[in-house]
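Since every read-out is calculated from the coordinates, none of them should be taken as a lab result. Every value quoted in this text rests on a predicted model; they were computed, and no experiment measured them. Positions of Cβ are generated from backbone atoms using ideal geometry, with glycine treated the same way; all protein chains shown enter the neighbour counts.
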2 protein chains.
Amino acid sequence: MRIAIASDHAAFALKAQLAPWLRAEGHEVIDLGPATDTRVDYPDFGYKLADCVASGQAERGVALCGSGIGISIAVNRNPALRCALVHEPLSAQLAREHGDANAIALGARLIGIEMAQACITAFLATDFAGGRHCARVEKLSHPVVSGVAA
Amino acid sequence: MRIAIASDHAAFALKAQLAPWLRAEGHEVIDLGPATDTRVDYPDFGYKLADCVASGQAERGVALCGSGIGISIAVNRNPALRCALVHEPLSAQLAREHGDANAIALGARLIGIEMAQACITAFLATDFAGGRHCARVEKLSHPVVSGVAA
């Protein structure tokens with residue numbers, strides 16, 4: 001599978017572990033940076049990752065930051081993305097089965113390398129269940145955004 | 001604090017526990033539904049919650065579904081919202097400190113009532129740290145969305 005991966009500085013070391021592991025698992029990895037652990041803003045890398053998946057360049061995305069929260073919010077600004085922030089494999093499985101998630105977010109300061117790998121393995125191995133979930137996923141592609149003030 | 005709360009059918013029972021608890025804690029609660037546990041689509045309730053917070057009607061939002069993933073994606077479609085999916089209080093705290101989160105998402109099938117309450121307590125009690133985090137939060141309000149194909 002063609003998998004895009006991106007992080008911020010706090011998750012740079014985790015990205016450096018996961019990218020070669022994904023290649024060793026037989027995937028094509030598009031590393032969207034950063035290239036060092038110099039301080040960066042996670043939204044920049046979240047938007048890059050979302051663009052890469054939305055455009056079809058990558059089939060799936062792996063988004064990493066300290067807690068996983070900030071970058072998952074950034075990725076989910078793109079209505080073509082369904083990025084699941086997970087800390088254990090059951091959530092990764094449910095995100096695929098029920099939500100047809102096309103990206104996964106992990107918190108480098110919250111989970112270790114083997115848990116991260118277990119989450120990604122579940123994410124890549126699980127199929128979307130379809131059925132009643134289709135209409136819900138479809139609604140996520142056409143968000144109703146109103147009343148924006150702040 | 002004025003707190004909006006919304007769920008899907010899978011998290012209806014959790015909402016029914018959390019709403020009166022939040023009132024007992026001294027908050028004003030805006031219950032956006034659903035009113036029963038009849039099957040609904042979580043994006044509808046996520047968009048309603050986001051609208052309620054974005055418009056200033058509520059100061060904070062609590063979003064609930066089976067895993068928390070689906071409804072958090074829906075809420076985060078609104079660029080005025082920063083909804084943190086959390087399973088434990090440290091993430092809730094970090095989401096406020098670093099991300100100025102204005103909504104929290106919880107998975108009713110994944111955590112119990114006391115963990116949910118501990119997450120919400122941390123979420124409501126923690127202040128935004130500001131400083132270097134301001135520019136990143138600002139970028140989340142002005143998403144760069146391009147290359148949308150699918």
Problem set entry | Shortest-first nm distances, B:Thr36 label point to equivalent points in other copies (7 Å, Cα→Cβ) | 6.2
For this session: Would you tell me the mean number of C-beta atoms belonging to other protein chains that fall within 10 Å of each C-beta in A:47-54, as a whole number?
Result: 4
Problem set entry | Across the identical copies, how the B:Thr126 labels are spaced - nm, sorted shortest first, 7 Å along Cα→Cβ | 2.5
For this session: Mind running the shape call on segment B:2-141? Use the C-alpha gyration tensor, a ≥ b ≥ c as the square roots of the eigenvalues: rounded below 1.5 for a/c, prolate if a/b tops b/c, oblate otherwise.
Result: prolate
Seminar exercise, completed: GNM of chain A, Cα pairs under 10 angstrom: of A:Leu49, A:Leu90, A:Leu18, the biggest fluctuation goes to A:Leu90
Exercise. Among A:His87, A:His133, A:His142, what is the fewest-to-most ranking by other Cβ atoms within 10 Å?
Worked result: A:His142, A:His133, A:His87
For this session: Please average, across the residues of B:133-145, the number of beta carbons from any other chain that are within 10 Å of each residue's own beta carbon, and give a whole number.
Result: 6
Problem set entry | Peptide-level mean, for B:81-93, of C-beta atoms on other protein chains within 10 Å | 4
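Note down the net charge around B:His133, summing +1 for each Lys or Arg and -1 for each Asp or Glu among other residues with Cβ under 14 Å from its Cβ.
Summing Lys/Arg as +1 and Asp/Glu as -1 gives 0.
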Exercise. Between A:Val144 and the same site in the other copies, what are the distances in nm, shortest first, taking label points 7 Å from Cα along the C-beta direction?
Worked result: 3.2
